[in-house]
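Note sheet for the following structure.
The values are calculated or read from the model by the stated rules, or taken from the named source; none is laboratory data. In this text the structure is predicted, and so the values were computed from the model without any measurement. Every residue, glycine as well, gets a Cβ built from its backbone with ideal geometry; the counts of neighbours run over all protein chains shown.
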Amino acid sequence: MPSKKLLFLESIRGLAAFSVVINHLISVFYPILNTNGGDILNHGFLARTIALSPLSIVHNGHLAVQIFFMLSGVVLSLSYFRKKDPAILTSAALRRYFRLMIPALASVLFAWLIIKIHGFYDLQAAALMGHGPDGPCPIIEDRSFFDALKLGAYSIFFDHNVDLRINAPLWTMPIELQGSFLIYAFLALIGPLTNRPIIYVILAALCFSMNRIALFDFLAGVFICDVFIALEKRKFRVAFPLSMGLPALALGVLLGGLKEVWVMNLIHLIVPRHEEGARQGIQQAIAAMPTHHTLPLTELGVMSIPASFFIIASVMFCPALQAAFHAKIFLFLGRISFPLYLFHMPVIHSLGCFTYTRLYALHQTHLSSTLGASFVSIVASVFLAWAAYHAVDLPSIRFGRVFDEWIRSVTMPWHNWTARGAEKS
């Protein structure tokens, strides 16, 4: 049975993490590019193109997060579907918290240390730019080291009222943890059954009805993996040619770059002018769509769900695209994707904003200062992520394995005792 990792999935994760970095750089230094319309229409052609064309997928952080969740559904169910061994789920569940917590805690302590040495320059940069950076950090400067430990090890995962402005990307961590255990529970209960397609449909409908878009992403990832491994076991490998895989990938990119303003403009084109009431009704229905973390479903749900699905599935079932995503630069980004996601925001608020203030003081334009600060932030974030991958990420994996082995060694005598009792009875 094949056991190799699907490395091209890590490449997708790496590109998604880099997209989040770009999104946060824009949010801090050039927030107009993250808008759906309005003021951006008064800017130049390049700004309008970046903000409103499918190129916006490059900085679509909401899509990147949904790709993270869907990829987790694929990766966390891969070993189980290949071996159908329930022990795999027990082992994965024991290791999962530490896999997420240790790197998250390290990123909190990193941000806390920067705050203690007064290393954040976001407020100074904001004063020069005339707007506030995304979630300034100095408000938590008076936190103690113990508070930072508690935040990174406990609060971000289990306290729904926690203040995450110390490192905003950590908002996905509790969802990732909950989604992981949802996957393990689903596989334990539903994995052995043969009528899983019906259950997928029912659970997908429940996710939408309860406005649990992120949970739908996890479920969609499990479904993709289920189909992929089912075909693999039957030695019927679906291999779409590039002529099919590339259009599917392009469709995912197009949907990922779709803006709400496109939908509104399409309504104006389709619905006749004399049907103004119908136009307003459709627009109100879109505005009333369920929200997820206060974001319209049109941004984080309806368009991003099929976009994530097409992007992941097109690569999984197209060998030519898999080969392209095995490029060394993509594999490198995939390797450092988790620490890159966790550590880049404190870098932007400190070194990035410091660079902006220094360049601005040298009478550079806002655009030049932004480009310089972004370049420094990206280089520093990638280097720090590479270091954290070796110093934090890999040790978190090893610690999880050690904990799993320890729990098994402790519980083994009890399992043996209960097994002998069952034999005697």
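Assessment of the range 47-68 against the conditions (at pLDDT below 90, among the small types (Gly, Ala, Ser), closer than 30 Å to Ala323 by Cβ and not in a helix (DSSP H, G or I)) yields at least one matching residue. Of all residues in the range 1-12, those that are within 13 Å of Leu76 (Cα to Cα) and surrounded by 10 or more Cβ atoms within 10 Å (Cβ to Cβ) have Cβ atoms under 6 Å from Cβ atoms of residues that are at pLDDT 55 or above and not polar (S, T, N, Q), 6 or more apart or on another chain, in Leu9/Leu71; Glu10/Gly334. In this structure, Arg358 does not satisfy being among the charged types (D, E, K, R) and at pLDDT below 95. Among residues of the range 159-177 that are touching a residue at least 40 places away in the same chain (Cβ under 8 Å), those with a Cβ under 8 angstrom from a residue that is among the hydroxyl-bearing types (Ser, Thr, Tyr), sequence gap 6+ or separate chain, pair up as Asn167/Ser107; Pro169/Tyr341; Leu170/Ser107; Glu176/Ser72; Leu177/Tyr97. Looking across Asp122, Asp39, Asp85, Asp134, one residue alone is over 19 Å from Leu340 (Cβ atoms) and modelled with pLDDT under 80. It is Asp39.
Within this structure, Ile202 fails the test of being over 27 Å from Phe317 (Cα atoms) and in a helix (DSSP H, G or I).
Yes or no: the range 272-291 includes at least one residue that is surrounded by 14 or more Cβ atoms within 10 Å (Cβ to Cβ) and at pLDDT 55 or above. No, because not a single residue in the range 272-291 is surrounded by 14 or more Cβ atoms within 10 Å (Cβ to Cβ) and at pLDDT 55 or above. For the range 329-338, the count of residues that are more than 17 Å from the chain's Cα centre (by Cα) and assigned to a loop (DSSP other than H, G, I, E, B) is zero.
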